[in-house]
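Each remark here refers to the structure printed beneath this line.
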Amino acid sequence: MTRPPRPHRSRGFTFVELLIVVIVLSLLSLLGLLKYNDLRNSARAAAVAGDIRVITVGALNYQADHQDWPPEAAAGATPAGMEPFLPGFSFIKPEYTLDWDNFGGSGTDFFVGITITSDDPGLLRKLRGTLGTQYPFFSIGNSLTYIIVGTDGAS
C-alpha cells in the first residue's frame with residue numbers, strides 16, 4: 001500500500017512573521033534608546049551637581065582668603081582671581097555653560113550664584129527634577145541658578 005503524497009510545504013518564514021519580528025525589534029530598540037537618553041541626562045545632571053560643588057568650594061575658599069566674593073564674570077569664563085581655587089576647571093562644557101553671577105555688594109552681605117545654561121531641554125528637565133527649583137535653586141527659561149550662602153549664613 002502506498003501513501004498519498006503530502007502537500008508540499010515550504011521551509012521558511014512568511015512575510016507576516018518577518019514583519020512581526022521587525023516591529024517587535026523596532027519597539028524594543030526605541031525603548032532602549034529612550035532609556036539611554038534618560039540615563040545620559042542623569043549622568044550629565046550628576047556632572048552639573050559636581051561642578052556646582054567644585055565652584056562653591058572654590059568660591060568659599062576665595063571668600064575666606066579675600067573677605068569678599070569673586071567678581072562677576074562672563075558666561076563660560078572663570079572669575080578673576082579664582083583660577084588658583086579651580087585649577088584646570090572649565091566653565092564651558094559640551095552640553096552646558098556655567099556662569100558666575102555676582103550681583104553686587106561686598107563681604108558676605110550680597111547675592112552670588114552659579115547659573116547653568118543649556119540648549120538641551122532633556123538635560124534641563126532632568127536638572128530641575130534632580131536639583132529642584134526651590135531655594136537655593138531657581139529656574140528661568142533655559143537656565144538654572146544656584147544661590148551660594150556664605151559661611152556666616154548670609155547670602
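Rule-based calculations on the coordinates, nothing more; no lab input. If you're wondering where the values come from, they're calculated on a predicted model, not measured in any experiment. When we count neighbours, we look across all protein chains shown, and the Cβ atoms used for this are built from the backbone with ideal geometry, even at glycine.
Rounded to the nearest 20, the Cβ-based charge dipole of the chain about its Cα centre (Lys and Arg +1, Asp and Glu -1) stands at 1940 debye. Residues of region 31-53 with an amide N closer than 16 Å to a point placed 7 Å from the Cα of Thr130 along the Cα-to-Cβ direction: 35-53. Sequence-distant contacts, meaning Cα pairs under 8 Å at least 6 residues apart, place the relative contact order of the chain at 17 percent.
Distance distribution P(r), the chain, all Cα-Cα pairs, bin width 10 angstrom from 0: 10, 31, 22, 10, 7, 6, 5, 4, 3, 2, 1, 0 percent.
Working from label points 7 Å from Cα in the Cα-to-Cβ sense, the Val149 to Glu72 distance is 2.6 nm. Sorting Arg11, Arg53 from the fewest to the most surrounding beta carbons within 10 angstrom yields Arg11, Arg53.
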